[in-house]
Each structure stands twice: as structure tokens, then as C-alpha cells.
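**Q** Okay, here's the structure, questions in a sec.
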Amino acid sequence: MKREQYIPFDKEFLLEMQIAEYPSGKKEAEDFKKLFNLLEHYFHYEAFDLIRKLKQNYALFDPDLNLKEREGFVGKSDFPTFKESLLKVLERGNYSRVDQDTIINSFKKSDLIGLKLAIDFDDFKDYGLYVRGHHRTREKVPRFLFWKKEIEFEYYDRVMIYLDYNDTEYFNKKKVKISKLLFDPGCIVLKIFKRVPKNDLETIFPNAVPRMSTTDKILFWVPGIGGGISLLITKVIPALIAMYAAYKSGESLDLLNSKAALNQGLIALGILGGYLFRQYSSFVNKKIRFSKMLADSLYFRNLGNNSGAFYSLLNSSEEEELKETILAYAFLNRSRKPLTAEELDSQIETWFKEKLNTEIDFDVRDALNKLKNIGLGIETNDTWEVIPLNKALIRIDEEWDGIFAYNKK
């Protein structure tokens with residue numbers, strides 16, 4: 001499994017783990033906690049500024065606003081600025097975009113529903129799936145009657161889907177009634193889900209339509225056509241022809257044998273019809289399970305929609321920024337000598353593996369750049385060090401004071 005830059009631990013937990021690395025009762029531990037709190041507020045302010053920019057530039061495309069409300073943002077909402085801000089938040093939150101091959105493979109496989117889904121991607125001008133947190137688990141899924149099979153599958157902790165729908169002109173050309181659509185053409189839909197199976201990513205697309213798989217079609221049509229034609233030719237039709245010929249010629253009819261042959265053919269057709277009904281019912285049941293999965297996803301797994309998704313994204317972005325920065329500072333602060341970026345990266349990743357049995361790809365460059373931009377990190381000849389804790393607190397306090405400088409002449 002590919003290592004991720006996402007840090008799958010709560011910020012408070014990591015804080016306690018880092019405080020434990022300092023000698024007990026020492027002032028350094030208390031100062032480190034103060035620095036953590038100041039940095040948390042600092043990144044929260046940055047997130048507030050970002051959400052304001054996102055909401056302003058998304059309003060024109062927000063399907064939760066009515067047409068009249070959206071018209072008020074013509075000339076105020078800028079799509080390139082919105083897209084750039086959204087990608088920036090996703091990058092900070094350590095989300096990564098799912099490549100097209102992974103999406104296509106999820107169509108071919110299905111861990112939980114075993115159903116083929118069709119999606120018309122032409123409905124979108126642009127779309128994307130962004131994920132973070134990759135794990136394996138085991139779950140029992142129904143197979144035949146009351147029998148359940150336990151399978152292992154991979155899932156993503158978080159998935160954000162981005163859908164930029166085509167405008168009204170496109171759907172008019174397709175002769176689709178706009179009034180029948182469940183969305184407004186030209187809008188941008190955002191949704192965040194938790195615990196989405198990797199091989200069932202297609203289920204979160206709103207225009208996913210169940211289709212019979214190749215196996216379902218073979219099991220339905222081959223016995224139906226082959227068996228039906230065979231029974232009609234060998235049993236039913238000969239009996240009917242014999243009865244009709246006898247009636248036309250006035251000859252005596254072996255009624256008992258003709259009726260028996262006809263009954264056998266009809267019974268066989270009834271059995272075949274029962275088999276086909278069972279196969280079709282199996283497909284219908286899969287569709288029902290799919291509908292239930294969608295209902296569960298919307299009710300239990302959905303974490304935010306459209307502009308409401310910004311809060312979840314920014315909260316995760318803010319936490320990832322804080323965790324990366326505080327980890328980089330803690331390791332550099334405890335180091336007896338300056339470290340190269342590679343040495344720091346190795347130390348942090350080794351700490352996660354040994355202490356928390358977790359392999360991550362720590363984004364050391366981003367963490368060091370944040371330390372440098374805030375004024376806590378110093379780079380000299382490709383090596384890094386940080387200013388002491390007591391000076392770091394003063395530096396962050398000055399940074400805070402500089403945010404609102406209304407009284408300065």
C-alpha cells in the first residue's frame with residue numbers, strides 16, 4: 001500500500017506524545033504546549049481567510065442557492081480563483097486526486113454490491129475524486145440466500161467528489177427536460193464522504209445507473225433463449241401441430257399422448273420461466289441493495305455538501321498544517337545539531353513507525369517552509385534549526401499582533 005502524507009492521528013494525541021518526549025516538570029514542556037496553542041490559532045485564522053474567499057467565489061455555482069441569489073454574484077464570483085483556492089485547501093489537507101485508471105477499475109470490480117453501474121461522464125465539464133486515508137478491513141457481505149461471505153477490501157477514510165455540470169444548452173441538445181433534472185445545469189456540486197470502498201467509488205456519483213453485468217446477461221438470456229426455443233421446437237409446437245392436423249383432417253387423435261406432451265412442454269416452460277424470474281429478481285435485489293447503500297451514504301457517510309463541505313475541508317487542512325509544523329519544530333528543537341531536510345524526514349517517519357506502527361510519507365519540505373515563513377525555522381547551508389521555545393513564543397506573538405495593525409501610523 002502506497003505511503004501517504006496524511007497523518008492519521010488527532011492533533012491533541014500528537015501533542016501529548018511530543019510533550020512526553022520532554023523531561024517531566026520542565027518549563028520546556030509547558031512552553032511547547034503554549035506554542036502549539038498559538039500555532040493552532042494562527043492556522044485557524046488562515047483557514048478563516050480561505051473560507052471567505054471560497055464562499056465568495058463559489059456562490060455563483062452553488063446549487064443550494066436559488067437562481068435569483070446566484071445572479072447577485074455575477075461579476076463577483078470568479079471560477080479560476082475558486083478552483084485555485086479549493087485545490088490549495090485539498091493540498092494542505094493532504095488529499096490526493098484519484099487517477100482515471102483507479103476510477104475505471106472500480107467500475108470493473110465491486111467489493112460490496114456486485115453490481116455494474118453506468119455513468120454518463122459527458123454530463124460534466126470537469127469532475128474529480130480527491131481522497132485521503134487508505135486502510136484495509138474485513139466485512140461480511142450476502143451471497144446466496146442466508147449465506148454470507150467475509151471479504152477483505154480497501155477503503156478511503158475521506159472522499160471528496162467535485163462535479164462541474166454542463167450548462168443548459170448541452171442538456172437541451174440531448175433533449176433532456178431541464179425540469180426533470182435533479183440539479184441545476186452549470187452548477188458545481190461538492191460532496192464529502194467517509195469510509196468509501198476503493199472498488200465502489202462509482203457509487204458516489206449521483207448519475208450512476210445500475211446495469212446488468214455480462215454474467216447477469218448470460219445467466220438470463222442464454223437459458224431463456226436456448227431453453228425456450230428448444231422446448232418450443234421439441235415439445236409444445238409438435239404437439240399443437242399434431243392436434244391441429246388431426247382436427248383439420250378429421251382423423252382420430254391420440255388425445256392422451258398429445259395432452260401429455262403438451263403438458264410436459266408447458267411445465268418445462270414454467271420451470272424455465274421460474275428460473276428466469278429468479279435471475280431477474282436477483283438483479284432487482286442488487287438494485288435494492290444499491291439504493292440502500294446510497295441512502296446509507298447520504299445519511300450516515302455524508303460529511304458535507306457544496307458550501308457546507310468547505311468547513312470539513314478547511315478543518316482537516318488546518319489540522320494537517322498544524323500537525324506537520326509542530327512535529328517538524330519538535331524534532332528540530334530537541335536535536336543537538338542542525339539537520340538536513342532528509343535527516344529530519346527520516347527521523348519523523350521512523351518515529352511514526354516505531355512509536356505508532358504507522359508508515360507515512362511526511363511532507364518535510366512543506367513543514368520546513370511553514371516554519372521558515374512564520375519565522376521559527378532557519379536554513380543554513382542546506383541544514384535546518386529552529387529558534388528556542390522562549391523566543392518562538394515571542395515570535396508568534398509578534399506575528400499575531402501584525403495581523404491587525406489598525407493603530408499603526
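The values are calculated or read from the model by the stated rules, or taken from the named source; none is laboratory data. Every value quoted in this text rests on a predicted model; they were computed, and no experiment measured them. When we count neighbours, we look across all protein chains shown, and the Cβ atoms used for this are built from the backbone with ideal geometry, even at glycine.
**Q** Has the stretch 97-106 got any residue that is touching an Asp or Glu at 6+ places or on another chain (Cβ under 9 Å), closer than 30 Å to P8 by Cα and either modelled with pLDDT of 90 or more or surrounded by 13 or more Cβ atoms within 10 Å (Cβ to Cβ) (or both)?
**A** yes
**Q** Another one. Just one of (1) at pLDDT below 95; (2) not in a helix (DSSP H, G or I) trips up I396, so point out which.
**A** (2)
**Q** From the list A309, A328, which one is among the small types (G, A, S), surrounded by 17 or more Cβ atoms within 10 Å (Cβ to Cβ) and modelled with pLDDT of 95 or more? Let's see the steps before the verdict.
**A** Numbers: A309 fails: modelled with pLDDT of 95 or more.
Of A309, A328, the one residue that is among the small types (G, A, S), surrounded by 17 or more Cβ atoms within 10 Å (Cβ to Cβ) and modelled with pLDDT of 95 or more is A328.
**Q** Related question: Can you find even one residue in the stretch 127-143 that is surrounded by 17 or more Cβ atoms within 10 Å (Cβ to Cβ), touching a Lys or Arg at 6+ places or on another chain (Cβ under 6 Å) and modelled with pLDDT under 80?
**A** There is no residue in the stretch 127-143 that is surrounded by 17 or more Cβ atoms within 10 Å (Cβ to Cβ), touching a Lys or Arg at 6+ places or on another chain (Cβ under 6 Å) and modelled with pLDDT under 80.
**Q** Does the stretch 285-297 contain at least one residue that is under 28 Å from the mean Cα position of the chain (by Cα), surrounded by 15 or more Cβ atoms within 10 Å (Cβ to Cβ), modelled with pLDDT of 90 or more and among the aliphatic types (A, V, I, L, M)?
**A** For the stretch 285-297, residues under 28 Å from the mean Cα position of the chain (by Cα), surrounded by 15 or more Cβ atoms within 10 Å (Cβ to Cβ), modelled with pLDDT of 90 or more and among the aliphatic types (A, V, I, L, M): absent.
Residues checked against (1) part of a loop (DSSP other than H, G, I, E, B); (2) of a type in the set (D, E, K, R); (3) modelled with pLDDT under 85:
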{"position": "Y6", "(1), (2), (3)": "yes, no, no"}
{"position": "S24", "(1), (2), (3)": "yes, no, yes"}
{"position": "K33", "(1), (2), (3)": "no, yes, no"}
{"position": "L39", "(1), (2), (3)": "no, no, no"}
{"position": "A59", "(1), (2), (3)": "no, no, no"}
{"position": "L65", "(1), (2), (3)": "yes, no, no"}
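**Q** Quick check on K88: is it surrounded by 15 or more Cβ atoms within 10 Å (Cβ to Cβ), within 31 Å of the chain's Cα centre (by Cα) and either in contact (Cβ under 8 Å) with a residue 12 or more places away in the chain or assigned to a helix (DSSP H, G or I) (or both)?
**A** Criteria not met by K88.
**Q** Based on what the data block shows, is K391 in a helix (DSSP H, G or I), of a type in the set (D, E, K, R) and over 29 Å from K2 (Cα atoms)?
**A** Here the answer is yes, as K391 does meet what is asked.
**Q** Continuing with the same structure: Output the number of residues of the stretch 1-33 satisfying the condition of being among the acidic types (D, E), surrounded by 12 or more Cβ atoms within 10 Å (Cβ to Cβ) and within 35 Å of the chain's Cα centre (by Cα).
**A** Count: 1.
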